[in-house]
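Structure, as structure tokens:
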Amino acid sequence: MQRLRPLLYYFFIAGTLFTGSAGAMLDEYAEPSVPAIVKNYKPLSPLELMLLTTLRDQNTDMALFSGTVRNLTPFLVQRVFQCLEMQDVIIQTPVAQSIGAELKNNIVLVTVLRSGDALLEGFRRYLPDAPVGKILVQRDEQTSEPNYLYRKVPKAFKNNKKIVILEPMIATGGSLSMVIEILLHNGVAQENIIVSSVVAAPEGLHKLAEKFPEISVTVLSIDEKLNEKMFIVPGLGDFGDRFYGTDDYDADSEDD
Ligand code: URA
């Protein structure tokens, strides 16, 4: 499979060029209903589509999966930056004075454990000064309800700062809703919350839009639906298990 992969990519990219649409081959953009909280949702570039295909492929092992997440994260960062306000800054190049741009607001990163941590390194590469909070919410196996278990967030994380929540998979939106509730409870305004995600189910997005209409969500792909086990279809399986190599564990019994 590994040796076949470059060949498959060749046909895949040739196919997308031929059809004139990067999304057409995998039907990534088959008219999903996009709630207003989702910002900058657009057809994937060929490179983004190739990387997402690798993540979706069940033959992708842990090493390739985690490496691909690393390669894909800059595209997530870019979508988040498109939600942020910039301001002009005057700098001196070695040659002349010039106008550039910098972020207007300070950023705080919040990861939803454990999958959210997979995106952290990539975000910190671009936002090295951003303090990092972590929140662990786990779904109860019996009731499927999310349980809040742990949080450590920077003290000064309100005051007009933009809070970027890292949560690669939005399925039912239950855990994410609980994380957002915790932030709101701590004085964060909805409009200062931006969620960065890889794949989302329409069910979860609509639930979030109903509960928190002022937040922003950025996501690479809105997939078709949830299955009866609350996995995203077609999705990519359990993100945390595939990233951390714990997929030999009973996949039905845990939630990320
Ligand atoms: N979390 C995952 O990792 N995958 C899903 O499909 C749903 C939730």
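The values are calculated or read from the model by the stated rules, or taken from the named source; none is laboratory data. Here the structure is a predicted model, which means the values were calculated and not measured. Cβ coordinates were reconstructed from backbone atoms using ideal geometry, including for glycine residues, and neighbour counts include every protein chain displayed. The accessibility values were calculated without ligands, DNA or RNA, using every heavy atom of the protein model including side chains. Shrake-Rupley method; radii C 1.70, N 1.55, O 1.52, S 1.80 Å.
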Only one of GLU203, GLU210 is open to solvent by 50 Å² or more (accessible area, probe 1.4 Å), part of a helix (DSSP H, G or I), more than 10 Å from the ligand (Cβ to nearest atom) and touching a strand residue (DSSP E or B) at 6+ places or on another chain (Cβ under 8 Å), namely GLU203
Given the condition within 16 Å of the ligand (Cβ to nearest atom), assigned to a strand (DSSP E or B), more than 21 Å from PRO202 (Cβ to Cβ) and without any contact (Cβ under 8 Å) to a residue 40 or more places away in the chain, answer yes or no: does some residue in region 116-134 qualify? no
Those residues of region 121-137 which are within 24 Å of VAL198 (Cβ to Cβ) and surrounded by fewer than 17 Cβ atoms within 10 Å (Cβ to Cβ) amount to GLU121, ARG124, ARG125, TYR126, PRO128, PRO131
Flagged in region 104-115 as touching a helix residue (DSSP H, G or I) at 6+ places or on another chain (Cβ under 8 Å), part of a strand (DSSP E or B) and either within 16 Å of the ligand (Cβ to nearest atom) or not aliphatic (A, V, I, L, M) (or both), in numbering order, are THR111, VAL112
Practice problem: Determine whether region 142-159 contains at least one residue that is in a strand (DSSP E or B), basic (Lys, Arg) and at pLDDT below 95. | Solution: yes
Picked from region 160-191 (must be over 24 Å from GLN82 (Cβ atoms), away from the ligand (no atom under 16 Å from the Cβ) and assigned to a helix (DSSP H, G or I)), the residue most open to solvent (accessible area, probe 1.4 Å) is HIS185
